[in-house]
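The values are calculated or read from the model by the stated rules, or taken from the named source; none is laboratory data. Since we're looking at a predicted model, the values are computed, not measured. Cβ sites come from the backbone with ideal geometry, for glycine too, and all protein chains shown count toward neighbours.
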Amino acid sequence: MMPFKEIVREALKSQAAAKQRTLLALIGIVIGIGSVIALVTVGEMVQLTSEQQFRQMGTNIITIQRGWGDSQGGGGNQDRQDQMITWEEAKGLAKKFPKLEAVAAYTSTWGQPLFADKSLDMPVLGVTRSFAELNKLTLTKGRFISDLDGYSFFGVLGAGAAAKLAKMGAGDPLGKTVFFKGRGFKIVGVLARAEEGGMRPFEINPGMMIPIHTSFLFKKERVINEIMARLAPGMDRQRLTSGLNKYFKMYQPDMSIQVRSAEQLINEMAKQSRLFTLLLGAIGSISLLVGGIGVMNVMLVAVSERRKEIGVRRALGAMQSDIRAQFLVESVILCLAGGLIGIALGVGAAYVLAKVNGWIFFVSGMGLALGVGVSSAIGVFFGYFPARQASRLNPILALRDE
Amino acid sequence: MALIELRGITKTYYIGDMSVDVLRGVDLTVEPGELLAIMGESGGGKSTLMNIIGFLDSPSGGGYQFEGQDAGHLDDNELAHIRNQKIGFIFQQFNLLPRLNALENVMLPLVYRGVPPQQREKVAKQMLKRVGMADRMAHRPPELSGGQQQRVAIARALSGNPSLILADEPTGALDSQVSQEILDIFLELNRENEITTVMVTHDPKVGKQCRRTVRMTDGHLLEV
Ligand SMILES: Nc1ncnc2c1ncn2[C@@H]1O[C@H](COP(=O)(O)OP(=O)(O)OP(=O)(O)O)[C@@H](O)[C@H]1O
Ligand SMILES: [Mg+2]
């Protein structure tokens, strides 16, 4: 019996004589492994990144929004559009639910504020002081909106908005005036960049925050978009949700609300990301199947081209198992070579995606092991039949081959 | 004790409904140290007989004793083992592996024997020196002449230190001068190292130089 090291050495020598056909077959493996690696890695990066974002804000944050789910169809639906959570309802929450440690209701409007007669496309948020606390916002300059600001015309800029203003020649925006709906807002603070994602409203970075009461001046009613709240530890979420539903129905009998918790979103995201990974993994598997069949074809051709060699080896004392091992190892090496290129490409693609999307770049050892394992397995699986065929050749007929 | 003892060996090939009796009862005894030439017309079954002697094929009937041991009923692995340990094959078409260089080709039987690399290389170099190919060890077969390839093939057959060398028309693909050089190697190996050799040849000049010649006629072997 031939030692394993020898088999590998012989196999490498055969690979050195690789032909174009071999390289073509490898493309399938490269793409297959590459996509599996990229997809698995992307899935894991997304999960890691979003989880980290949630963790920065804490998992005990909930948001309360008007419910969208159970529409009553047709006209009823139209009516429901008008059912908004009101400021009075929001204000009463903290007293009614002492387990809510902090409550921040906010309004959100898109507008074209003007600066130096130039229009800025940015969201405007009406907020209270607790908004900064719940979203863990930090200032680079000035102060945040205070609850004493009442109906005053002060604005705090998100990091993105401040940068936009700076580009328009504002220099230090502190103390400058931004016009919105015909009113001048004096900028009193600038926020540091807040991580995006999770429960944090996406409007923070590109937007301007103004006192919530001031924002009501531009609305017909004192209605708010969303309430954020932080739960005291050990809070029963189910009970809280039904309590909240009852609370809002007290004010508007056919009002339904939607409560989302960070924890629940994390779980959902993990589930989704797993699904994503599985789905994309399936796509990769199809390329792998195609690649594997290509490798099988290459190996079958190799066997028929090397009948004479097989005959000679058998005459010199190779057992069937030696011949089988030889072709099996060749097939595995072939697939591993493709797999390694695929891993490099997949990791590269994941890196680019991470940079572009601002995800945390991260390659799990499991992903790499999966790549190596899968390519070896493909080599064994698709190489087995040709290898068996090679080993079963009649040595005399094989020798007689020209 | 005879090295080879064939008694009533038959071989029948079946092609569809047709059967061809190629060997019809071959008796042959080869003593250690003999140099035997098998001659006979083309298609007479010489290669078939060589394959049976060399454990590449099994007979349809008859008895085969090798080194006093009954060689019937061996399974595929046992046959491979005997080929590896006891037999050195030399072919008309040399049958070197084109991707391996001369040294690697000569080492091959030892690879299947599990001999460690250094020792393998030492033996292979000795054998190549012995057939006058010491200066061509790194050459691959396509870079060698026919005569040189056959020398490498002889070195390969010798590297396993076999009990028996089987050469099926070893000079069949070579011109007469080179044929004589190759034959001289066989004669010398047989004379000086008493290596038992069975050789198939069509060339009467080659046959004449062997100590014993047999002729394949009608599926039987006759002493000449
Ligand atoms: N696998 C096989 N199946 C069927 N017939 C075969 C097979 N192998 C050999 N034969 C037949 O057996 C006969 C003997 O063949 P063999 O090769 O032994 O002859 P040979 O004496 O070596 O001839 P040559 O001198 O031309 O090499 C031929 O008629 C051949 O067609
Ligand atoms: Mg023949």
*Is it true that A:ILE323 is surrounded by 16 or more Cβ atoms within 10 Å (Cβ to Cβ), over 32 Å from the mean Cα position of the chain (by Cα) and part of a helix (DSSP H, G or I)?*
yes
*For segment B:77-92, how many residues are facing chain A (nearest Cβ under 8 Å) and in a loop (DSSP other than H, G, I, E, B)?*
1
*Scan B:ALA80, B:ALA37 and give me the residue that is within 16 Å of ligand 1 (Cβ to nearest atom) and buried (at least 20 other Cβ atoms within 10 Å of the Cβ).*
B:ALA37
*How many of the residues making up segment A:366-402 are modelled with pLDDT under 90, within 16 Å of ligand 2 (Cβ to nearest atom) and part of a helix (DSSP H, G or I)?*
1
_In segment B:163-199, the residues that are within 14 Å of another protein chain (Cβ to nearest Cβ), hydrophobic (A, V, I, L, M, F, W, C), crowded, with 17+ Cβ neighbours inside 10 Å and within 16 Å of ligand 1 (Cβ to nearest atom)_ = B:LEU166, B:ALA167
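Each row is one residue, and each column tells you yes or no for (1) surrounded by fewer than 22 Cβ atoms within 10 Å (Cβ to Cβ); (2) in contact (Cβ under 8 Å) with a residue 40 or more places away in the chain.
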residue	(1), (2)
B:MET1	yes, yes
B:GLU5	yes, yes
B:GLY8	yes, yes
B:ASP17	yes, no
B:GLY33	yes, yes
B:SER42	yes, yes
B:GLY45	no, yes
B:SER58	yes, no
B:GLY61	yes, yes
*Within segment B:197-224, which residues are more than 16 Å from ligand 2 (Cβ to nearest atom) and hydrophobic (A, V, I, L, M, F, W, C)?*
B:CYS210, B:LEU222, B:VAL224
*How many residues does segment A:85-105 hold that are touching a helix residue (DSSP H, G or I) at 6+ places or on another chain (Cβ under 7 Å) and small (Gly, Ala, Ser)?*
3
*Kindly indicate which of A:ALA194, A:ALA170, A:ALA161 is crowded, with 17+ Cβ neighbours inside 10 Å and over 17 Å from A:SER108 (Cβ atoms).*
A:ALA170
*Would you point out the residue of segment A:345-365, among those that are touching a residue at least 60 places away in the same chain (Cβ under 8 Å) and part of a helix (DSSP H, G or I), that is nearest to A:LEU24 (Cα to Cα)?*
A:LEU345
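Looking for whichever is among the aliphatic types (A, V, I, L, M) and within 11 Å of another protein chain (Cβ to nearest Cβ) here; the options are B:LEU110, B:LEU128, B:LEU74, B:LEU103. Which one fits?
Result of the check over B:LEU110, B:LEU128, B:LEU74, B:LEU103: B:LEU110.
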*Long-range neighbours under 8 Å by Cβ, at least six apart or interchain, first residue on the phi < 0 side of the Ramachandran plot within segment B:169-181, second aliphatic (A, V, I, L, M) and within 16 Å of ligand 1 (Cβ to nearest atom)*: B:PRO170/B:ILE90; B:PRO170/B:MET199; B:THR171/B:VAL206; B:SER179/B:VAL206
_When you scan segment A:381-392, do you find a residue that is of a type in the set (A, V, I, L, M, F, W, C), assigned by TED's automatic domain parsing to the domain that holds A:GLU10 and touching a Gly at 6+ places or on another chain (Cβ under 7 Å), even just one?_
yes
*Could you tell me whether segment A:374-387 includes any residue that is within 26 Å of B:SER58 (Cα to Cα), touching a helix residue (DSSP H, G or I) at 6+ places or on another chain (Cβ under 9 Å) and more than 14 Å from chain B (Cβ to nearest Cβ)?*
yes
_Take B:GLU78 and tell me if it is within 16 Å of ligand 2 (Cβ to nearest atom) and farther than 19 Å from B:ILE195 by Cα._
no
_When you check A:LEU217 against the structure, is it on the phi < 0 side of the Ramachandran plot, at pLDDT 85 or above and out of contact with any His (no Cβ under 6 Å at 6 or more places or on another chain), yes or no?_
yes
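In segment B:122-135, which residues are buried (at least 19 other Cβ atoms within 10 Å of the Cβ) and not small (Gly, Ala, Ser)?
B:VAL123, B:MET127, B:LEU128, B:VAL131, B:MET133 - these are the residues of segment B:122-135 that are buried (at least 19 other Cβ atoms within 10 Å of the Cβ) and not small (Gly, Ala, Ser).
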*Looking at segment A:97-134, which of its residues are buried (at least 21 other Cβ atoms within 10 Å of the Cβ) and in a loop (DSSP other than H, G, I, E, B)?*
A:PRO113, A:THR128
*strands (runs of 3 or more DSSP E) completely within segment B:1-65 that count 3 or more residues being among the basic types (Lys, Arg) and within 14 Å of ligand 2 (Cβ to nearest atom)*: none
*If you go through segment A:274-282 one residue at a time, do you hit one that is among the basic types (Lys, Arg) and either in a helix (DSSP H, G or I) or buried (at least 22 other Cβ atoms within 10 Å of the Cβ) (or both)?*
yes
